[in-house]
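Encoded as structure tokens, the structure appears first; notes follow it.
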Amino acid sequence: MEYKFPHTIENGHGEKLTFLSLEKNLEGDKLIVENFVAPKAGPPMHTHYFQKEALTVVSGKIGYIVKGEQARYAEAGETVVFAAGVPHRFWNAGNDTLHCKGDISPANTIVFFLSSIFAAQKKSGSPKPEMFDAAFLVTRYASEFDLELPWFVKKVIIPATYRIGKALGKYKHFVNAPAPVKS
């Protein structure tokens, strides 16, 4: 799936992300990003197995946690880096909109994945993505991304929902979904 840059997505719950450009290089394409996060908003604990993510705070205050560590904070001019394969989350820890610029590399399928997750959140009207879309995305892209979910949800609810969605024809809008990256 091809995207024209800049490509902006919003989840309807305080997160706006713009994929500004894609820089080609030998290590894999680098995605240049900019995000705006409302106070207390931010993604849940997640892992991207292949991508390194770096965010430099332009304005506001970012709170972040790497799984197993204490919460930390960064302000304007400071950069936070999340290594590939490391579970983490971040949020707006201030009272004003958090504005960051950064990059994700290699890009792989992250534009499609995040665009689809944000669309599923808007579809549900909740920070939790619409259940059939979430089941499809979590199942198809399990080799690339992980969302921290309770064991029962991950091992029972998601697979069952995926199979029901497939049987009901709920995934026609994903017909052109890019193939997941495998290690």
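Every number here is computed from the coordinates shown, using simple stated rules; none is lab data. A quick note: this is a predicted structure, and the numbers were derived from the prediction, not measured. Quick reminder, even Gly has a Cβ in these numbers, built from the backbone with ideal geometry, and neighbours come from all protein chains shown.
Listed here are the residues, each with its yes/no results for (1) surrounded by fewer than 19 Cβ atoms within 10 Å (Cβ to Cβ); (2) under 16 Å from the mean Cα position of the chain (by Cα); (3) free of Cβ contacts under 8 Å to residues at least 60 places away in the same chain; (4) not in a loop (DSSP other than H, G, I, E, B).
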| residue | (1), (2), (3), (4) |
| --- | --- |
| I65 | yes, yes, yes, yes |
| G68 | yes, no, yes, no |
| V81 | yes, yes, yes, yes |
| W91 | no, yes, yes, yes |
| V111 | no, yes, no, yes |
Against the conditions (1) of a type in the set (A, V, I, L, M); (2) within 12 Å of H48 (Cβ to Cβ); (3) surrounded by fewer than 17 Cβ atoms within 10 Å (Cβ to Cβ), where does I164 fall short? Just the number, please. (2)
Residues located in the stretch 130-179, provided they are closer than 22 Å to R89 by Cβ, touching a residue at least 60 places away in the same chain (Cβ under 8 Å) and either part of a loop (DSSP other than H, G, I, E, B) or touching a Lys or Arg at 6+ places or on another chain (Cβ under 7 Å) (or both): S143, E144, E148
R140 meets each of (1) buried (at least 16 other Cβ atoms within 10 Å of the Cβ); (2) within 18 Å of P43 (Cα to Cα) with one exception, condition (2)
When the residues of the stretch 143-161 are filtered to those that are of a type in the set (F, W, Y) and more than 18 Å from F113 (Cα to Cα), which remaining residue is surrounded by the fewest Cβ atoms within 10 Å (Cβ to Cβ)? W151
